[in-house]
Amino acid sequence: MKIAITGLSNSGKTTVFNALTGLNVETTIYASSLEEPHVGSVRVNDKRVETLSGIFKPKKTTYSTILYTDFQGLTKGDNAHNKKVFEFIRDADALVEVVRAFDDDSVVHPDGSIDAARDASNLESELLLYDLDLVEKRLGRMADAAKRGKRPDETEKKILEKCKETLYKEIPLRKTHFTPEEQKAIVHLQFISIIPKIIVINVSEETIGQAQPLIDAIAARVNFDKNAIISLSGKIEMELAQLPPEDAESFLKDMGIEEPALNKVINKGYELLGLISFLTVGEDEVRAWTITKGMTALEAAGKIHSDIERGFIRAEAVAYDDFIAGGSMAEAKKAGHVRLEGKNYVVSDGDILNFRFNV
Ligand SMILES: Nc1nc2c(ncn2[C@@H]2O[C@H](COP(=O)(O)OP(=O)(O)OP(=O)(O)O)[C@@H](O)[C@H]2O)c(=O)[nH]1
Ligand SMILES: [Mg+2]
């Protein structure tokens, strides 16, 4: 999964990037002019993988990973600049939008004052404007082609009109329902407001845990799901991410932080994108695989290898908790917990799967 960190200049994007990745790239008090985004990969901590690895003692243990990117900030009203930024991030699976709420006179706010709800609203507008421009250009090209006698793709045209109407109402495309066919018809345009978004309010360290009024204000102003808004102190979380694990716990307690941002953002990302994990086990490898909720055993097989999907016969499935109750595959079988499932079985979070296939 790829998550792009975005936001206005000096909102703390790079600080949050460091907090989420444990890296330590330079943060600046002026707008950075990165030519290449920062990229950092982190593993998704999953206790189940750890426990299974302890049981199977495999040669290799593989966690799911998340790739974070951090790039230049967006600038209100600067379409050309924002376009450049969006082109870097529009292949992301999710956006983490950092909104500044921390006070610090030494860090210049590009709009002169601290107002998180205003910034969130401006950012949303920039996403909408970029998409509107995409839609209109595309429709314009289709109209030109029609004049030259080329018949437009009516399906695509209809969907584009729907997108245009939505965007004109200032509704981001992530709130629009598209059928799978519609999605397929527009995916090549790589809209930006269609990407699921988490808003991260970067608060002062003095106000950690007191962000509810701000969350409410942003949700109301941008008409945004409260459940997809997180607050944290980038500065503190960045310090936390640099600490050895044995010091991290007491630091969390001292700072009044319930859960490190690192976990919060990943959990929200999974929730928002409707992601779950299934597990594979064995002497060679214990591994977590990330899939979308609702995927079938056949689709899950395809995640591992197209050969397994092609030659799919059956999947042996056992729920993680049932497996742990017995402690081994033999015990789970004895207790009748190991099921044989077919192609259309809908995979559950935490299923341990073993695919039988024939190619
Ligand atoms: N006090 C305080 N300062 C912060 C916090 N987060 C970031 N800063 C400071 O704000 C400045 C900008 O932070 P960056 O993380 O570089 O911000 P950015 O959004 O990446 O900035 P650009 O890449 O230039 O757009 C740095 O001096 C940070 O130390 C915070 O939570 N509290
Ligand atoms: Mg930066």
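Name every residue in the stretch 7-43 that is more than 6 Å from ligand 1 (Cβ to nearest atom), closer than 22 Å to Asn122 by Cβ and not small (Gly, Ala, Ser), in order of residue number.
Listed by number, the residues that qualify are Leu8, Val16, Phe17, Tyr30, Leu34, Pro37.
Anything in the stretch 198-240 that is within 20 Å of Asp105 (Cα to Cα) and of a type in the set (D, E, K, R)? List them, or say none.
Glu205, Glu206, Lys235 - these are the residues of the stretch 198-240 that are within 20 Å of Asp105 (Cα to Cα) and of a type in the set (D, E, K, R).
Considering the stretch 231-258 alone, what residues qualify as being touching a strand residue (DSSP E or B) at 6+ places or on another chain (Cβ under 7 Å) and part of a helix (DSSP H, G or I)?
Correct list: Gly234 only.
Can you tell me how many residues within the stretch 199-228 are within 16 Å of ligand 1 (Cβ to nearest atom) and either outside any loop (DSSP other than H, G, I, E, B) or closer than 25 Å to Glu87 by Cα (or both)?
Step one: of the stretch 199-228, the residues within 16 Å of ligand 1 (Cβ to nearest atom) are 199-211, 214.
Checking the rest, the ones that are also either outside any loop (DSSP other than H, G, I, E, B) or closer than 25 Å to Glu87 by Cα (or both) come to 199-202, 205-207, 214.
Total satisfying the criteria: 8.
For the stretch 170-187, check the following and say yes or no: at least one residue is surrounded by fewer than 17 Cβ atoms within 10 Å (Cβ to Cβ), of a type in the set (S, T, N, Q) and either in a helix (DSSP H, G or I) or within 16 Å of ligand 1 (Cβ to nearest atom) (or both).
yes
Here is a list of conditions, (1) surrounded by 12 or more Cβ atoms within 10 Å (Cβ to Cβ); (2) among the charged types (D, E, K, R); (3) farther than 24 Å from Thr28 by Cβ; (4) out of contact with any Phe, Trp or Tyr (no Cβ under 6 Å at 6 or more places or on another chain), and Asp111 meets all of them except one; can you say which number that is?
(3)
Every residue in the stretch 28-61 that is within 13 Å of ligand 2 (Cβ to nearest atom) and in a loop (DSSP other than H, G, I, E, B), please.
Thr28, Ile29, Tyr30, Ala31, Ser32, Ser33, Leu34, Glu35, Glu36, Pro37, listed by residue number.
Table: residues versus (1) closer than 29 Å to Leu127 by Cα; (2) away from ligand 2 (no atom under 16 Å from the Cβ); (3) hydroxyl-bearing (Ser, Thr, Tyr).
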site	(1), (2), (3)
Ile195	yes, yes, no
Asp216	yes, yes, no
Ile229	yes, yes, no
Ser233	yes, yes, yes
Glu246	no, yes, no
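Take the stretch 197-227 and flag every residue that is surrounded by fewer than 18 Cβ atoms within 10 Å (Cβ to Cβ) and within 19 Å of the chain's Cα centre (by Cα).
Asp225, Lys226, Asn227
Can you tell me which residue within the stretch 59-84, out of those that are within 13 Å of ligand 1 (Cβ to nearest atom) and under 18 Å from the mean Cα position of the chain (by Cα), is surrounded by the fewest Cβ atoms within 10 Å (Cβ to Cβ)?
Thr69
Would it be correct to say that Val25 is near ligand 2 (Cβ under 10 Å from one of its atoms), at pLDDT 95 or above, more than 19 Å from Ser64 (Cα to Cα) and of a type in the set (Val, Ile, Thr)?
Values: near ligand 2 (Cβ under 10 Å from one of its atoms): yes; at pLDDT 95 or above: no; more than 19 Å from Ser64 (Cα to Cα): yes; of a type in the set (Val, Ile, Thr): yes.
For Val25, the condition - near ligand 2 (Cβ under 10 Å from one of its atoms), at pLDDT 95 or above, more than 19 Å from Ser64 (Cα to Cα) and of a type in the set (Val, Ile, Thr) - is not met.
Tally the residues that are more than 12 Å from ligand 2 (Cβ to nearest atom) and assigned to a loop (DSSP other than H, G, I, E, B), restricting the search to the stretch 65-89.
Of the stretch 65-89, the ones more than 12 Å from ligand 2 (Cβ to nearest atom) are 65-68, 75-84, 86-89.
Checking the rest, the ones that are also assigned to a loop (DSSP other than H, G, I, E, B) come to 75-78.
Of the residues in the stretch 65-89, 4 are more than 12 Å from ligand 2 (Cβ to nearest atom) and assigned to a loop (DSSP other than H, G, I, E, B).
Within the set of pairs 6+ apart or on separate chains, which have a first residue in the stretch 176-191 that is more than 22 Å from Glu124 (Cβ to Cβ), a second that is part of a helix (DSSP H, G or I), and C-beta atoms under 6 Å apart?
Sorted first by the residue in the stretch 176-191, then by its partner, the pairs are Glu182/Ile159; Ala185/Thr155; Ala185/Glu156; Ala185/Ile159.
The values are calculated or read from the model by the stated rules, or taken from the named source; none is laboratory data. Just so we're clear, the structure is a prediction, and the values are computed from it rather than from any experiment. Neighbour counts run over all protein chains shown; Cβ positions are idealised from the backbone, glycine included.
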